[in-house]
Amino acid sequence: MRNSILDFKNPVTPLKLFLFVVALFVLTASNCNPPPPPPPNFEVNIDTISNPTPNLNDIYTITWSYSPAERLEDQWVELQSLTFDGQLSKRFLGCPPQEFRPPNLAEPTDCAPDIQQGDCPPNTTTFTNQCRFFVGLFTGQVIFSITGKDSLTGQFKRQSVTLRIANSHFRTGSIETSNQGYPAVPTAKSLDFMKYFAIYNDNRDNVSIEDLNVQPFSSIFDAEKPFWASSTSVEEDERFGFILGRNFPILDPGFIETAAGQRYFGQRTHAAAVVYAGTIELSGNAETKELKTDDGTAVVTVVTQLPVTVTFQGTTTSTFTQSVVFIQIDLADNLLNFTPAVEAMTPSNVKLGNQAQGLVMPTFGGEINPGVVPIIEAGQVTLIRAAVNGVGSTTGQIPSAGVAFQITQANGDLLLPASAVIQNIDWLNVPAFVDSNLELLLGQN
């Protein structure tokens, strides 16, 4: 026992005994009092949605919860949609901090975060921290978001879900870009657009979209440019000369030279219809969840976001990142001398863009070089015209389309060109409006 503390040939000194006692105490304390576990993450959870695909003017209800519930310090609801000209439209219930609100939004008056009891809207005009449901009127596709603030960390967290029109969609498969961020769109994933419509010409001798020639649209959409948007400059620091137009698009010479376009040479100068699809792309963790509904359950995509810090002109704020991405399909008619109620149409151009960035990349008409071959794979497209003063529809499918644009980055680097391939463009029952009767379209959110 030469190594034992009780070895009589090596008597224990006071120092050895002290060190032994200290070590024994530390070992015992560590076994009996382990460090406390870290607190759980603060979670926001959308729990139920009465109907994720309601009909227009239906009432819908959404409920949510927090975990741990006692850590909620403040909350607000945000509803986001797109206007006709692709701008974000926002509505709030509650009082988000100023950095999360548009700069022109007046100080909200419907919040009362310190009140812990009472009714919630629509039974009252006050939105308290006790509210766990929202009742809304469905006037068009909309993103519903609930944001909560964690009292422990001071961190905000948001969860969002999109309500969509039933039996109608505009979707794409993956978008593959040659230069990441040009345009600024999600890549390698499918997109499900939240606002879409078609406009068709009822007078081939007039290439202007008639109802856009009056205010306020005549000041938003340029009379000399093709609908909807185009880039007129290669310079990123000029926002690529982004401009909105109110004419039906020209059938580009590049399209006329293709096998599908040759028959339009000398017959048509402009497209006969356009299909526009825009969406608010949220940056965050998207997951597919099964939520309870009035009719059982439904599988929906829920996006969870944390705010990011942004510095602009010396001011640092927090924001939830998002952008407006859009696709436009130009359609040429079937060259018949009469206007059938149901018409097969030919895609004459595909345009992919990011509105905040200002970059619009077309298949035909962009600044391209021989390294990029502009092509639209043949697809099936039909247009059903409206009955008198009604709303028609269009359904279509394009397996693949390439788009490109020569650009100069803000740092002066030249890309020759930036390009992208859009896979599996597919739309179903997209509402179609005659250009001389856009009242129903312009009245939508």
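Listed values, structure above:
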| read-out | value |
| --- | --- |
| Selection within region 159-192 - among the basic types (Lys, Arg) and in contact (Cβ under 8 Å) with a residue 24 or more places away in the chain | Arg164, Arg171 |
| Tally, over region 331-359, of residues that are in contact with a Pro (Cβ under 8 Å, 6 or more places away or on another chain) and closer than 17 Å to Asp85 by Cα | 6 |
| Residues (within 21 Å of Lys289 (Cα to Cα) and in a loop (DSSP other than H, G, I, E, B)) located in region 44-74 | Ser50, Asn51, Pro52, Thr53, Pro54, Pro68 |
| Any hit, region 193-216, residues being in contact with a helix residue (DSSP H, G or I) (Cβ under 8 Å, 6 or more places away or on another chain), part of a helix (DSSP H, G or I) and in contact (Cβ under 8 Å) with a residue 12 or more places away in the chain | yes |
| Residues of region 57-88 classified as of a type in the set (A, V, I, L, M, F, W, C), farther than 28 Å from Val274 by Cα and surrounded by 19 or more Cβ atoms within 10 Å (Cβ to Cβ), total | 5 |
| Candidates Ser348, Ser323, filtered to the one that is surrounded by 12 or more Cβ atoms within 10 Å (Cβ to Cβ), under 21 Å from Glu78 (Cα atoms) and either touching a residue at least 12 places away in the same chain (Cβ under 8 Å) or in the same structural domain as Ala259 (by TED's automatic domain parsing) (or both) | Ser323 |
| Top-ranked residue of region 157-200 - restricted to ones that are polar (S, T, N, Q) and in contact with a Leu (Cβ under 7 Å, 6 or more places away or on another chain), ranked as modelled with the lowest pLDDT | Asn179 |
| Those strands (runs of 3 or more DSSP E) lying entirely in region 255-344 with at least 2 residues β-branched (Val, Ile, Thr) | 273-282, 285-293, 296-305, 308-312, 315-319, 322-332 |
| Output for region 217-236, where each listed residue is of a type outside the set (A, V, I, L, M, F, W, C), surrounded by fewer than 22 Cβ atoms within 10 Å (Cβ to Cβ) and assigned to a loop (DSSP other than H, G, I, E, B) | Thr232, Ser233 |
| Residues satisfying the stated conditions in region 326-345, i.e. aromatic (Phe, Trp, Tyr) and surrounded by fewer than 19 Cβ atoms within 10 Å (Cβ to Cβ) | Phe338 |
| Test: residue in region 248-268 that is within 27 Å of Gln141 (Cβ to Cβ) and either of a type in the set (A, V, I, L, M) or surrounded by fewer than 18 Cβ atoms within 10 Å (Cβ to Cβ) (or both) | no |
| Cβ-Cβ under 7 Å pairs, at least 6 apart or on other chains, region 33-60 side at positive phi, far side part of a strand (DSSP E or B) and surrounded by 10 or more Cβ atoms within 10 Å (Cβ to Cβ) | Asn57/Leu137 |
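Listed here are the residues, each with its yes/no results for (1) in the same structural domain as Lys90 (by TED's automatic domain parsing); (2) farther than 26 Å from Leu428 by Cα; (3) surrounded by fewer than 22 Cβ atoms within 10 Å (Cβ to Cβ).
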| site | (1), (2), (3) |
| --- | --- |
| Phe127 | yes, yes, no |
| Arg132 | yes, yes, yes |
| Gly136 | yes, no, yes |
| Thr147 | yes, yes, no |
| Asp150 | yes, yes, yes |
| Gln155 | yes, yes, yes |
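The values are calculated or read from the model by the stated rules, or taken from the named source; none is laboratory data. It should be emphasised that the depicted structure is a prediction, and the values quoted were computed from it without experimental measurement. All Cβ positions, even for glycine, are placed from backbone atoms using ideal geometry, and neighbour counts span all protein chains on display.
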